[in-house]
1. Relative to the present Cα-Cα distance, how much length would full extension add between S123 and E46 at 0.36 nm per residue of separation?
2. Give the residue from L114, Y128, M30 lying farthest towards the positive end of the charge dipole for the chain; charges sit on Cβ (+1 for Lys and Arg, -1 for Asp and Glu) and the dipole is referred to the Cα centre.
3. Which whole-Hz couplings ³J(HN,Hα) result when phi for each residue of segment 91-101 is put into the Karplus expression 6.51 cos²θ - 1.76 cosθ + 1.60, θ = phi - 60°, listed in order with x for Gly and Pro?
4. Pairs of Cα atoms under 8 Å, at least six residues apart: use those to get the relative contact order of segment 17-155, whole percent.
5. At 1.4 Å probe size, with every protein chain present, just tell me what the per residue accessible area of the chain comes to in Å².
6. Can you give the Kirkwood hydrodynamic radius of the chain from its Cα pairs, in Å with one decimal?
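The values are calculated or read from the model by the stated rules, or taken from the named source; none is laboratory data. Not measured: the values here are computed from a predicted model. Glycine gets a Cβ as well: all are built from the backbone with ideal geometry, and neighbour counts include every protein chain shown. What goes into the accessible areas is simple: the full protein's heavy atoms, side chains included, and nothing from ligands, DNA or RNA. Shrake-Rupley method; radii C 1.70, N 1.55, O 1.52, S 1.80 Å.
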Amino acid sequence: MLIRWILILSVSFFFSACSESGLYEKVDFMPDHAWSYANQPEFSFEVKDTTANYQVYFIIRHADAYEYNNIWIKLKSKLPGESVEREDRFDVPLATDNKWLGSGMDDLHDHRVLLYREPVRFSKTGLYTIKIAHDMRVEPLQHVFNVGLRVEKVN
């Protein structure tokens, strides 16, 4: 159990990065390994290049005991200088034929899932804020260790 926590902490420090290379990645821990509706992790990153294309990924780490082969999420995004949030809903596949799609170690499974088929082009420079909420019918959603966001510039 101690080794699992050390692994989780070290990976989270690695994933909590923002750099000039056009990469932002951060994950948040879910208390008691349960994701509630009220817990909507918020991620903020700065866009300086509006001519570049970006890929947006959803990150989730869950236990083998997670009961579903997918997860429904809502992304609530706010553009720089605007007060209105835009909301997108996604059905994120996590398994097929009783096999997890992500990578796994012991009873933990990591997924980094591309959300938009086409690369995204941000229209304004500045600070973008994205909140992620689960949209499953179960409250709280059990066996979820962390969720996160990855935004990377496409070369």
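1. On the way: separation 77, 0.36 × 77 = 27.72 nm, distance 1.22 nm.
Answer, rounded to one decimal: 26.5 nm.
2. Y128
3. 9, 9, x, 10, 8, 9, 6, 6, 10, 5, 7
4. Numbers: 317 pairs, mean separation 67.1, N = 139.
Normalised by residue count, the contact order of segment 17-155 is 48 percent.
5. 58
6. Numbers: mean 1/r = 0.0616 Å⁻¹.
The answer is 16.2 Å.
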